Amino acid sequence: SYTIGPSTVLQVAVLALAFDTILNWWRNTNNGNELTGRIVAGISVLLILAAEASWLLVPTQIIAEIPLFLTLIGAFCLTTVLWQRHSHTFIVCLSIGIAVGAHNVMKSTGLIAVPAVVFVGVAAAITSKGAGKYWIRLLIVYVLPIALPSLLAILTWRHFGTQTSGVCQNNLVSMLFSRAYVFTEINRGITLAWQLIFTSAIYISSYKIPVLITSLVGLACGLSDRRLRWPSFGVLVFFLGFLCALFLAYFVCADGFMEPMSSLQRYLQIPIRLLHFFGLLVLVCFSTVRINEMLSQFFPDGRMLYILGFAGLAALGGYQTLQIFRSFEEIRTPPARVEILEHIQNFPTDVDIIRKALRVRGIEHGKALLVYRYSSNLPLSIAWNAETPSRRRGDKSVGDEDRFFVFEYYSNEKNYIHPGRKRELTAVWLQQFDVVWPVSNASWIREAVGRITNNSACIESPNAFLIVRDVSGGSSFSCIPRTLPRNE
């Protein structure tokens, strides 16, 4: 509850902001009934939530992306308020700045959002009556409140925050200047750009296609509306800026964790969810007049409208209640969790077996490959922690030189290997490792094990053995029984 609570609260806050945004647009564009507007806003928000545009109300995973895209959604939703009558401009701009600043504290992708929301703020100032003529007011009321929180977050983090090791894990400026030589590799850059565009386009166009189409229609409607044009354009600016930053990271740090196309789908969740949520919200705001006309035409007396409206709210609310119960059930017993817990509980003992086997064979700083059938890096983290004694003592200054062997992992049937390479479990590739550690038992794992050993017991139950190279530099492997959970 301590971990999912903040994400759920932030999700509720963003949904409440969306509700107020739709309701205010209803009030400003219609002379319709207030209760009707609340019903429309409530149903719209519940439909957006049902589409999981901002993911689940109660998240089932604890990942950094949840607060990242929620803060972005909140910031860009607030930009639409700048074109509403009687809005407190300074407070709205400061709220936008705080949301983007909070994003910057969590991850540097917020740097891309700063120019996008500042651009929207400047557009709001210029398009307002007379505001564009007074640059001091433009600076104080619009630009500073939006940009200052992010600037303070960056400066204070550089002074008080922890410093990561490695240029590509540090700030953007040091990354670019220290590796400026890579920009001479024009051909590689062009190839990488096309690869990024093609891969991103395939994923974006195949992810929640109905939601994508509807949100793109909403964004097109927003671009055609005088009051929604610049917020919609700001979202596009952020989207393109995010792809450019992703290209730079892949291009400059190709030899590190940012190997080309690694974790691309995870990174794209941030702009995709912003596009989905904002597009749907803008579509509702843009259509408020038409919705009011249709409701007045089909339900002139209003009684049936309220009956159907409250029935819709009850149905969608009931669906979300069911989703909440499903989330808690998945948190309690997720599909892969039982298997993961069964496999990792004896990792420290397995690591000791591997350590002794490598010492006997004269292999120092060997490479171990974890192989399992579910998409999670938790086993890797547990094995890594168990392998390094100083990590168990809480020493944070542990480096690779303190480790007896290093890990990679190969998970699930989709052939994704950390950090993003696609490989086949061929004999030639497997023999690059001194230890093959099958954690799961699946047909594709059994086939892979059969390529490096003829031990029938090992092939039949690969998760019961640790497969270790016989001698340093050799090509033969032996199967050493590992300690299994009692139920295996």
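Here are the numbers:
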quantity: Scope segment 24-38; condition more than 32 Å from the chain's Cα centre (by Cα), assigned to a helix (DSSP H, G or I) and either free of Cβ contacts under 8 Å to residues at least 40 places away in the same chain or surrounded by fewer than 22 Cβ atoms within 10 Å (Cβ to Cβ) (or both); matching residues; calculated: 27, 28, 29, 34, 35, 36, 37
quantity: Condition check for residue 44: outside any helix (DSSP H, G or I), among the hydroxyl-bearing types (Ser, Thr, Tyr) and in contact (Cβ under 8 Å) with a residue 12 or more places away in the chain; calculated: no
quantity: Residue that is farthest from residue 354 (Cα to Cα) [pool: residues in segment 432-477 that are more than 35 Å from the chain's Cα centre (by Cα) and acidic (Asp, Glu)]; calculated: 460
quantity: Condition broken by residue 101, with the remaining ones in (1) surrounded by 16 or more Cβ atoms within 10 Å (Cβ to Cβ); (2) free of Cβ contacts under 8 Å to residues at least 24 places away in the same chain; (3) not acidic (Asp, Glu) satisfied; calculated: (2)
quantity: Of residues in segment 286-301 being out of contact with any Cys (no Cβ under 9 Å at 6 or more places or on another chain) and surrounded by 15 or more Cβ atoms within 10 Å (Cβ to Cβ), the one nearest to residue 246 (Cα to Cα); calculated: 288
quantity: Every residue from segment 28-46 that is out of contact with any Leu (no Cβ under 7 Å at 6 or more places or on another chain), at pLDDT 90 or above and not β-branched (Val, Ile, Thr); calculated: 35, 44
quantity: Count of residues meeting criterion [out of contact with any helix residue (DSSP H, G or I) (no Cβ under 6 Å at 6 or more places or on another chain) and part of a helix (DSSP H, G or I)] in segment 218-232; calculated: 2
quantity: One residue from 62, 112, 98 being over 25 Å from residue 223 (Cβ atoms) and not in a loop (DSSP other than H, G, I, E, B); calculated: 98
quantity: Residue list for segment 234-249, restricted to those being of a type in the set (Phe, Trp, Tyr) and either touching a Lys or Arg at 6+ places or on another chain (Cβ under 8 Å) or farther than 18 Å from residue 272 by Cβ (or both); calculated: none
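The values are calculated or read from the model by the stated rules, or taken from the named source; none is laboratory data. Bear in mind that the values here come from a model prediction, so they are computed numbers and not experimental data. No Cβ is skipped: glycine too gets one built from the backbone with ideal geometry, and neighbour counts run over all protein chains shown.
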